[in-house]
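Read the figures in this text as sums done on the coordinates, not as results from a lab. Quick caveat, the model's predicted, so the values are computed rather than measured. Backbone-built Cβ (ideal geometry, glycine too); neighbour counts: all protein chains shown.
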Amino acid sequence: MGVYLYFRVMKVDKRQKREEELFREVSKGKLPEHVAIIMDGNGRWAQKRGLPRLAGHRAGISALKKIITCAQELGIKVITLYAFSTENWKRPKREVEFLMRLPEEYLEKELGFLIENNIVIKTIGDLDEIPGLTQKAIRKAVASTKQNTGMILNFAFNYGGRAEIIGAVKKISREVLEGRLQWDEITEEIFSKHLYTGSIPDPDLLIRPSGELRISNFLLWQLAYTELWFTRVMWPDFNKKYFLKAIKDYQKRERRFGGIL
Ligand code: IPE
Ligand code: IPE
Ligand code: MG
């Protein structure tokens, strides 16, 4: 038992050292300003362990906490997290209800920490269509962190990229119809300002765990020149090490934006 414990402690110690080294290395390089994450794989993570899918969603919250802390320590300015898509309503009623309750549960426990850590909570997506209590919890979190000046934690909830684009088209059309904007004044910049993301810069890096190699209607306009990073790891197992690895890989990428270097 003693020997087993000794080796276990040594292993944890070694892992921590490696993580610290990786952190130091990464923090010396150019950091992405905005990282977007598709928090995927909760259901499969649970099923593999013989647990209900809902247990996977709850386990995803601990991954979320680790990533928020690490991003903040690094000095990343914006993190956007895909938590519920406009297509996720297709899931069984019980699962949808659980996912709708999760923000309330999460914020009840974590809002104090987020306020203390100077984090600004924002959301993208259609909040008007979600249950009243969930709306209330989210709006309260947004209001009580509005004065903060630190990292922006942007939750995509009931979010769909196509719905967002249609929403922007409608807003712009109305302005044109009412004479507040001329049709030939519409530029990419004006269009971007009418999206949910408004003044937030486009993501530099997109991370998708769970092995799926697709975007799933996330930030369609904003991802135009984002660097993509995929891993087979399921979201509940995603941790600081993977996050740092993603950023390290990002630092090796050559971003050309259509030009040449
Ligand atoms: C992501 O995990 C969470 C949401 C979509 C809300 P999934 O529930 O999609 O997990 P998998 O992809 O089925 O494993
Ligand atoms: C994307 O994951 C949405 C979120 C993680 C919130 P999905 O699990 O819904 O995506 P698909 O269905 O595999 O494309
Ligand atoms: Mg999924």
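Considering only E185, E108, E20, the Gaussian network model of the chain with Cα springs below 10 Å gives its largest mean-square fluctuation to E185. Working note: Cα gyration tensor of region 39-252, eigenvalues times five, square-rooted, sorted largest first, giving semi-axes of 28, 20, 19 Å. If you build a Gaussian network model of the chain, linking Cα atoms that sit under 10 Å apart, which residue out of E87, E21, E188 swings the most? Comparing E87, E21, E188 in a Gaussian network model of the chain, the most mobile one is E188.
For region 86-149 versus region 218-261, the inter-centroid distance based on Cα atoms is 25 Å.
The stretch between K193 and E25, if pulled fully straight at 0.36 nm per residue, gains 56.9 nm over its current Cα-Cα span. Cross-link reach is defined here as a Cα-Cα straight distance under 17 Å, omitting same-chain residues fewer than 8 places apart; for K48 none of the lysines meet it. Excluding same-chain neighbours fewer than eight residues apart, the lysines reachable from K193 by a Cα-Cα span under 27 Å are K30, K77, K122, K136, K140, K146, K170, K171. Among A36, A71, A224, the residue with the largest mean-square fluctuation in a Gaussian network model of the chain, with springs joining Cα atoms closer than 10 Å, is A224. Residues whose amide H lies under 5 Å from that of I121, counting only those 5 or more places away or on a different chain, are T145, L153; hydrogens are built 1.01 Å from N in the peptide plane. Distance between the 7 Å Cα→Cβ label points at K93 and R15: 4.2 nm.
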